[in-house]
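> Quick one: the structure is below, and I'll ask about it shortly.
The values are calculated or read from the model by the stated rules, or taken from the named source; none is laboratory data. These numbers come from a predicted model, not from an experiment. In this analysis, Cβ positions are derived from the backbone assuming ideal geometry, glycine residues included, and neighbour counts consider all displayed protein chains. What goes into the accessible areas is simple: the full protein's heavy atoms, side chains included, and nothing from ligands, DNA or RNA. Shrake-Rupley method; radii C 1.70, N 1.55, O 1.52, S 1.80 Å.
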Amino acid sequence: EEGSTFCFTLPPCEQPQPIEGTATARPILLVDDDLAFRRELKEILQEHGYCVETADNGWQAWAHLQANPAPALILLDLMMPVMDGWELHAALKSHPELSAVPIVVLSCFDRYRIEPSLDDIQGYIEKPIRTAQLMNIVSQHVTRAERAILPPAARRAASELLP
């Protein structure tokens, strides 16, 4: 009638190990209104060891950027509701700290039609995206020190839990 007492010890959780000299990884901010596309791209980037945050329009991205440290890279769609990619780009370029963040445009528009209006972007990837091209451009702009160092199992778990 007094019940039983059990005692057990849990092993410590597996923690990501940052590269020497870095405090935390700087994320990539993915801004696109297509939920399925965002999830797929986020999963691909996480499988390659990158920390990814998402926003479904420019306004949501702008609010996120105001409340958090600058990301290592912004992957930006142009055609979105509320605040489109051109408007977000203009806001970023007028901000003293965010103007230095590299921006890579993801779009189905012809590259030569958009480049005159966004002449200072650091890259362009035409939709549908090819993984090799995406990883090549991302690796050019996100240093190894800025990547999340997560074991493969933790990357898979994170991609299953995060939207």
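> Got a number for the accessible area of Asp120? Probe 1.4 Å, square angstrom, nearest 10.
60 Å²
> Moving to a separate point now. Counting Lys and Arg as +1 and Asp and Glu as -1, what is the net charge of the other residues whose Cβ lies under 12 Å from the Cβ of Lys93?
Numbers: positive: none; negative: Glu87, Glu97, Asp119, Asp120.
The answer is -4.
> If you don't mind, there's one more thing I want to ask. Not counting ligands, DNA or RNA, and with a 1.4 Å probe, what is His141's accessible surface area in Å² rounded to the nearest 10?
Looks like 40 Å² after rounding.
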